[in-house]
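Structure first, commentary second.
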Amino acid sequence: MIGALRRAGSAALDLLLAQDCFLCAEASGASLLCAGCRAALRPNGPSCPVCALPTPDAQICGYCLKRPPPFDASVAAFSYSHPADALLQAYKFAGRIELAGLFGHALHAAVADAGSIRPDVIVPVPLHPERLKSRGFNQAALVAQVLARAFGLPLDYRLLERIAPTAAQAGLNLRQRRRNLRGAFMAHDATGMSIALVDDVMTSGTTLTECALRLKQRGASRVSCWVVARTPPPRRQ
Ligand SMILES: [Zn+2]
Ligand SMILES: [Zn+2]
């Protein structure tokens with residue numbers, strides 16, 4: 001009797017939570033995505049352990065060999081292609097913050113799979129206070145919260161600050177991106193700390209490079225980049 005009641009209760013709960021897939025409007029039960037769309041999300045796959053650029057056999061890529069970046073390692077959950085791009089755009093620009101859980105859990109699994117070194121602290125890439133006010137949320141911070149809970153690690157919102165408002169990076173070439181971000185971040189004392197920097201998308205890596213540089217200048221011993229999705233870098237200028 002109790003079992004039957006419990007079953008009826010759980011069926012009622014499923015019905016209550018039933019929704020349409022975020023992407024294709026198929027019924028997806030209590031999940032954000034239906035099984036088909038979930039399977040269509042492309043993992044980043046074998047990639048450079050330093051910058052997460054896809055490489056055969058997960059070798060260090062030519063860019064990192066030629067000019068090692070200030071960060072030590074990178075992990076990306078997805079390739080920035082359809083449908084991950086659509087999800088990330090809806091998340092960031094349409095405020096669909098319910099996607100943070102899906103991103104955070106996928107990234108948690110990717111970091112665990114990569115056998116990454118456990119950091120001391122998780123630091124989301126900060127937004128400038130003005131941008132935070134207009135967007136209403138920091139897309140990196142919501143994913144970082146999911147990761148901090150999943151790994152049982154502390155979050156630090158104050159170690160890194162965005163001190164200058166900058167133009168959006170989209171549409172800029174690599175040199176313009178670098179110039180755009182010069183002086184945008186400031187780090188506090190990070191002596192001896194191993195840090196996981198969290199961001200939504202890694203494109204040219206300019207933002208994460210700039211953040212890692214500031215943290216290393218303030219004594220960080222190790223900086224890893226954990227990103228939801230990775231795009232191949234634009235052609236070098
Ligand atoms: Zn679907
Ligand atoms: Zn690389």
Residues being within 8 Å of ligand 1 (Cβ to nearest atom) and surrounded by 18 or more Cβ atoms within 10 Å (Cβ to Cβ) - total across segment 18-34: 6
Test: residue in segment 190-210 that is in contact with a His (Cβ under 9 Å, 6 or more places away or on another chain) and of a type in the set (A, V, I, L, M, F, W, C): no
Failed condition for residue 177, given (1) in contact (Cβ under 8 Å) with a residue 12 or more places away in the chain; (2) surrounded by fewer than 18 Cβ atoms within 10 Å (Cβ to Cβ); (3) not hydrophobic (A, V, I, L, M, F, W, C): (2)
All positions within segment 199-222 that are of a type outside the set (A, V, I, L, M, F, W, C) and within 15 Å of the chain's Cα centre (by Cα): 199, 200, 203, 204, 205, 206, 207, 209
Residues satisfying the stated conditions in segment 52-103, i.e. in contact with a Ser or Thr (Cβ under 7 Å, 6 or more places away or on another chain) and either away from ligand 2 (no atom under 15 Å from the Cβ) or more than 25 Å from residue 38 (Cα to Cα) (or both): 61, 69, 70, 71, 72, 73, 80
Failed condition for residue 95, given (1) part of a helix (DSSP H, G or I); (2) over 15 Å from the mean Cα position of the chain (by Cα); (3) within 30 Å of residue 20 (Cβ to Cβ): (1)
Qualifying residues in segment 57-86 (those that are among the acidic types (Asp, Glu) and either in a loop (DSSP other than H, G, I, E, B) or within 23 Å of residue 108 (Cβ to Cβ) (or both)) - the one farthest from ligand 1 (Cβ to nearest atom): 72
Among residues of segment 218-237, those that are outside any strand (DSSP E or B) and either at pLDDT below 95 or in contact with a strand residue (DSSP E or B) (Cβ under 7 Å, 6 or more places away or on another chain) (or both), counted: 10
Residues (under 13 Å from residue 52 (Cβ atoms) and either touching a His at 6+ places or on another chain (Cβ under 8 Å) or of a type outside the set (Ser, Thr, Tyr) (or both)) located in segment 213-233: 225, 226, 227, 228, 229, 230, 232, 233
Residue pairs meeting the criteria (Cβ under 8 Å; at least 6 apart or on separate chains; first in contact (Cβ under 8 Å) with a residue 12 or more places away in the chain and part of a loop (DSSP other than H, G, I, E, B), in segment 154-167; second surrounded by fewer than 16 Cβ atoms within 10 Å (Cβ to Cβ) and among the charged types (D, E, K, R)): 165/130; 165/131
Tally of residues being of a type in the set (Lys, Arg) and part of a helix (DSSP H, G or I) across segment 98-125: 0
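The values are calculated or read from the model by the stated rules, or taken from the named source; none is laboratory data. Predicted model, so just to flag it, every value in this text is computed and none were measured. All Cβ positions, even for glycine, are placed from backbone atoms using ideal geometry, and neighbour counts span all protein chains on display.
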